[in-house]
Amino acid sequence: MSDTPIVRRRSSGPRLNDISDSRVNDAKVQSQYQPYKDAAWGFVNHWYPALFSNELAEDAVEGIQICGIPIVLRRVDGKIYALKDQCVHRGVRMSAKPMCLTKDTISCWYHGFTFDLKDGKLSTIAGNPDDKLIGTTGVTTYPVEEVAGMIFVFVREDDFPLDDVPPLSEDLPIRFPDNDERFPHPLWPSAPSLLDKDVVVRGMHRTGFANWRIACENGFDNAHILVHKDNAIIHAKDWVLPLGIVPTADDCIATVEDESGPKGLVQWLFTEKWNPVLKNEKVGLEIDNPVARPYRTSVFLPGVLMVENWPEEHVVQYEWYVPITDDTYEYWEVLVRVCPTEKERKAFDYRFEHFYKPLCLHGFNDCDLYAREAMHDFYADGTGWDNEQLVATDVSPITWRKVASRWNRGIAKPGRGVDGAIKAGSIRMKRTAEGKAPAYFVEKIEEEN
Amino acid sequence: MSDTPIVRRRSSGPRLNDISDSRVNDAKVQSQYQPYKDAAWGFVNHWYPALFSNELAEDAVEGIQICGIPIVLRRVDGKIYALKDQCVHRGVRMSAKPMCLTKDTISCWYHGFTFDLKDGKLSTIAGNPDDKLIGTTGVTTYPVEEVAGMIFVFVREDDFPLDDVPPLSEDLPIRFPDNDERFPHPLWPSAPSLLDKDVVVRGMHRTGFANWRIACENGFDNAHILVHKDNAIIHAKDWVLPLGIVPTADDCIATVEDESGPKGLVQWLFTEKWNPVLKNEKVGLEIDNPVARPYRTSVFLPGVLMVENWPEEHVVQYEWYVPITDDTYEYWEVLVRVCPTEKERKAFDYRFEHFYKPLCLHGFNDCDLYAREAMHDFYADGTGWDNEQLVATDVSPITWRKVASRWNRGIAKPGRGVDGAIKAGSIRMKRTAEGKAPAYFVEKIEEEN
Amino acid sequence: MSDTPIVRRRSSGPRLNDISDSRVNDAKVQSQYQPYKDAAWGFVNHWYPALFSNELAEDAVEGIQICGIPIVLRRVDGKIYALKDQCVHRGVRMSAKPMCLTKDTISCWYHGFTFDLKDGKLSTIAGNPDDKLIGTTGVTTYPVEEVAGMIFVFVREDDFPLDDVPPLSEDLPIRFPDNDERFPHPLWPSAPSLLDKDVVVRGMHRTGFANWRIACENGFDNAHILVHKDNAIIHAKDWVLPLGIVPTADDCIATVEDESGPKGLVQWLFTEKWNPVLKNEKVGLEIDNPVARPYRTSVFLPGVLMVENWPEEHVVQYEWYVPITDDTYEYWEVLVRVCPTEKERKAFDYRFEHFYKPLCLHGFNDCDLYAREAMHDFYADGTGWDNEQLVATDVSPITWRKVASRWNRGIAKPGRGVDGAIKAGSIRMKRTAEGKAPAYFVEKIEEEN
């Protein structure tokens, strides 16, 4: 299978005009996703990517922020620990000036409060070892999983029981070939998964300036072809995109809501349930012979995009839109391929550096980055959710909003006492004056003595 | 008439101390201009300058913001169309990445929503031409007038009837010689108007950092001579300014409130109704022989300054303080002269470039720009309007506030879903970190593919 | 006395575990310092340092902001006057463009409102000398004291009676040798005072980015030794710091609350009431032979730190954390020594430039600057005061909070109509885009004419 003219099974089923009114975004529909509208700071009690493995060397410490929660990660003897990055004493971020006195603790650089990496307990205070507070308090810990070169953290509320933490797989897209039968894909090979044997993951992450939901909805939006029509990859590959694709049936999207396992949706792209639009007389556009790579997009809680068969066969692209605050997100783009041999691994690396990264993760997805930014003002004050006027192709975000509202494990509270809780404090202004925009990583303190 | 010592008709009428208490800015007076105090985001349903004609070439698209309303302008076959620059779908600004598929539409670059330039109707969606939403919605259109090299837009509320849109002349200063009898001006020739035959307009606009009312009140403020006393134009012309000018009569200002036509005020400067102050013993200042250009300032809704006989005979300076948000305004300065011949036109151009622009629009008016900025903190949180202590010379702003309160066609609602609605969102911080202050124009998206 | 091993009087009194629960920061304790929690903008009606004497030359004018109050200072014939730096007319800061027409007034550059330096009365308006407002209003004046090269201003509320202004000495730390008997100090010579004869003061001030209380509490915090352990001065002097010091008695801190005189606290450091901690088995740290300079920290209203015997014998370091807004403070660090002879004066100067300034005021105290910044997010939205978890060593800030709550002369109201009242106005954004962070000094208007 390659970049050949699109062959698709035509359907005699319902056409666009028959699509039921359930697709309309009226007040009744909106009420079904109120929790989603409330989730400006993200969904909490979920697994999120925090760092690539190679961003946290042995003994290194890094601070990040997810869903308004400051998190510090430390790697000891290969194992990674994650704790709330806010000392119980005076609230400073430990990661700003890492101080680790033993292998099983992290200490606050300010007053020596020392926390056990395993359970977060305040195990001692360096210069005050007999204090009554010791042993009676601590910081929240976050379960960590490291798979395929990625570090995932379960970002939980302080009182979410560790016993209830689900496996990482519940917050990753469905896997193949396990789901081949349920979600057949005659046009491409089974998509690889982060959890596959011999899998190789290559990618990048960077801070985006918009609410995470705006970013996420852009990821699986079938109607934004226009943004990408002039990307170099389209022209290099001689693809000819249709003007758009429209749903033709009520079941154009399948939701995945099994009792256990990930919750999300799969779009029946490149089937008779979605029709390419080749002509628009009103604006005088007509596509003769659309040629494109067939792919399928899915999205799962807490906001993980899977693009099967993209940018090439045997490769899949995953994306995360990790909430940092209510107006910044960390944008993760990773490409996954199973490479059992060193030769395949090298070939994938090579292709990543010289094709996927410049033309796809940058060239192609850079356009998504500005599209999300462009939407942000409209949604920033909360009025956009009520004022948007959605259309048939928006069945995708509407379905997602409903699924996410039903199955999220918690709505993050607005950040308090952290960066971004107050948008224009003097420290932010000072940092901005120095040319630094809001960011995901904690900046390390630079000392001159 | 030239820069000769001021000859003025002395009056035996009421002197400063006789001026009635109606001039005092007490609570009763303030209640008469409450609408003005509420108009932080400007007066809506008025004509405002949007661009100079040469800023919008054939087929060009530009985005601006007035009174918190995003507006996109496109010129087709010479004619200019203005629409709300916020796609009904997901709220992005169409002007950020102009896409025009036909001569009579503008399309949103994100999902291809296509709006009719004439009536703003959603006429199609590029990749979804059969959607039910088409034809049922659209964006607000704004009437446009292009005169004398300036593009004016009637910035209306979404539900302000097009049938009720007044002619542009209702939002421009009164004209001469039509008003010569009513507002005689023995000291100078009739001021030219933007609407005159053979008129030439030269000028500039730039973003100012203050509320538009603060800016506007500075324009016709008779008492701020001090700010300008060291301007190069004063010294180049050997003008000797008085210390100040003070009103001597209750009727020192005439309001213009005819049933139809512009609403505003004309100040009887250089008559017996205003006295120059030549001496202040307390601070040991005395002016022997004031020499100055006689001029007259007027202001009309929605905030248009007219300075007759300035900077020279046969020339008039108009200014607008177009609200962008509640703390930025677009400052327009234009000089107008009637030039029936090419030779006169060239001479005016030449004088504009080498005298008016550097010494007046910059040198002189730059000082007004910083004066307005200097006032802003005091008024920014709304407390300044109550705490200011006005004096006799402030009869001008007080009269203006009352006239504007009586005759404005609507108070702009605070911007929602637009730039500046939230002052310190992450996108603003990012832009600021890149060295970009809040601005009037929409920045175009730069693509690298 | 020099940098010898610490000899301390051991006590047989109560040990750490015996310290009463009154030291715990429970709700009852917190209620005792609610006024302190309310004082985000500082304590008003107190003496604060404004400028060094050499920052205000004869006839110079400077504008600053303390506790949200804009203040302008002018020096005439050596004497300094301080007035509210906000013209009663339209609220601009007079210091932005100083205009002084006579020796006994300051005029506003905008409309010539002229205020008497001595009583702040509006004594004339340059171009409007007969206005009724003259003589009926004015700006608040602030008492000024200039001692030892420092200019102090009594920052009062508009209605705080001048007759009630206490002497400067009430807002400076207690003096020695007067207090030698009450606060004996066998380990060092009597600390010099700003008010001593022949005193020399050298130091610096700069803007810090945090709330002033956060900054102040860092100053006399006995438990933050860790922050300083790698400072060059420690290593240059071969000091070996203990891990920490902990209180051993309820009376480890003496409060000073005499009917008249300064209000504050003195910590009994380097006595049996505080024990050095030499060992922490949990983190495997042990100090064999601590060697350190003995010193004593005190803090007095409105937030003046005194570090006796630091950085050397006969020298004392004072610090102020002058509130500018609720999230910026002016950080003052001065070193004081009595130098009766020119030779001693020169030697002190020399030592200041080449040792104290680089290694102490910078090297050492720079670390405090970042520590305060690091705390700010946690406290910025007000939640930190409730969420912090204090320990035995925090007896110092808790005692301070209580003393300050009992004896402050007023809680500053949030700034209104001044810089920082609104955090992200367009002017701030513009200034930030130009690379300028929020600051203490008013920027002078630059004119180009």
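Some observations on this one:
- Here the convex hull built on the C-alpha positions of the range A:207-359 has a volume of 161 cubic angstrom per residue.
- With the alpha-carbon atoms of chain C aligned to their principal axes, the span from lowest to highest coordinate is 78, 54, 47 Å, starting with the largest.
- Å² per residue, accessible surface of the range B:46-146 at 1.4 Å: 28 Å²
- Shortest-first nm distances, A:S260 label point to equivalent points in other copies (7 Å, Cα→Cβ): 8.1, 8.1
- Percent breakdown of C-alpha pair distances by 20 Å bin, ordered from the shortest bin, for the protein assembly as shown: 9, 32, 32, 22, 4, 0
- Assigned charges on the beta-carbon of Lys, Arg, Asp, Glu; the protein assembly as shown dipole about Cα centre (debye): 80 debye
- Taking every residue in B:280-290 and counting other chain Cβ atoms within 10 Å of its Cβ, the average works out to 4.
- Against chain B, whose longest principal axis comes from its Cα atoms, helix B:395-407 is set at around 40 degrees.
- Interface area, chains C and B: about 4300 Å² of buried accessible surface, summed, with a 1.4 Å probe and ligands, DNA and RNA left out.
- Set C:K229/C:K273; C:K229/C:K357; A:K97/A:K423; A:K423/C:K430; C:K118/C:K263; B:K79/B:K121 screened for pairs whose C-alpha atoms are more than 20 Å apart: C:K229/C:K273; A:K97/A:K423; C:K118/C:K263
- Computed over the range A:338-449, the P(r) tail beyond 18 angstrom holds 76 percent of alpha carbon pairs.
- Residues in the range A:111-130 that, when all protein chains are in place, have 50 Å² or more less accessible area than the chain alone would give (probe 1.4 Å): A:H111, A:A126, A:G127, A:N128
- Largest GNM mean-square fluctuation among B:H89, B:H224, B:H46, using chain B with Cα springs under 10 Å: B:H89.
- Inter-chain shielding of A:385-391 (mean C-beta neighbours from other protein chains, 10 Å cut-off): 6
- Computed [θ] at 222 nm, deg cm²/dmol, chain C (DSSP H ≥ 4; -39,500 (n - 2.57); rounded to nearest 500): -4500 deg cm²/dmol
- Counting Cβ atoms of other protein chains within 10 Å of each Cβ in C:413-423 and taking the mean gives 5.
- Two-decimal Rg to Rh for the range A:239-295 - Kirkwood Rh, Cα set: 1.13
- Percent carbon-and-sulfur accessible area, the range C:211-308, ignoring ligands, DNA and RNA, probe 1.4 Å: 47 percent
- The equivalent ellipsoid of the range C:273-402 has semi-axes of 29, 23, 14 Å, largest first, where each one is the square root of 5 times an eigenvalue of the Cα gyration tensor.
- FRET efficiency, B:L278 to A:D158 (Cβ-Cβ, R0 60 Å, nearest 0.05): 0.20
- Projected label points at A:F441 and A:Q34, each 7 Å from Cα along the beta carbon direction, are separated by 4.2 nanometres.
- On the principal axes of its alpha carbon atoms, the range C:46-146 extends 38, 27, 21 Å, with the longest extent given first.
- Solvent-free Debye scattering, log10 I(q)/I(0), computed from the Cα coordinates of the range A:60-208 at q = 0.18, 0.20 Å⁻¹: -1.07, -1.24
- Built amide H within the under 5 Å cut-off of C:I66, gap 5+: C:I71
- Sulfur and carbon atoms: percent of accessible area, the range B:46-146 [1.4 Å]: 48 percent
The values are calculated or read from the model by the stated rules, or taken from the named source; none is laboratory data. Remember, it's a predicted structure, so these values are computed and weren't measured experimentally. Neighbour counts are summed over all protein chains in view; Cβ atoms, including those assigned to glycine, are modelled from backbone coordinates with ideal geometry. Each accessible area value is taken on the protein alone, full model and side chains, heavy atoms only, with ligands, DNA and RNA left out. Shrake-Rupley method; radii C 1.70, N 1.55, O 1.52, S 1.80 Å.
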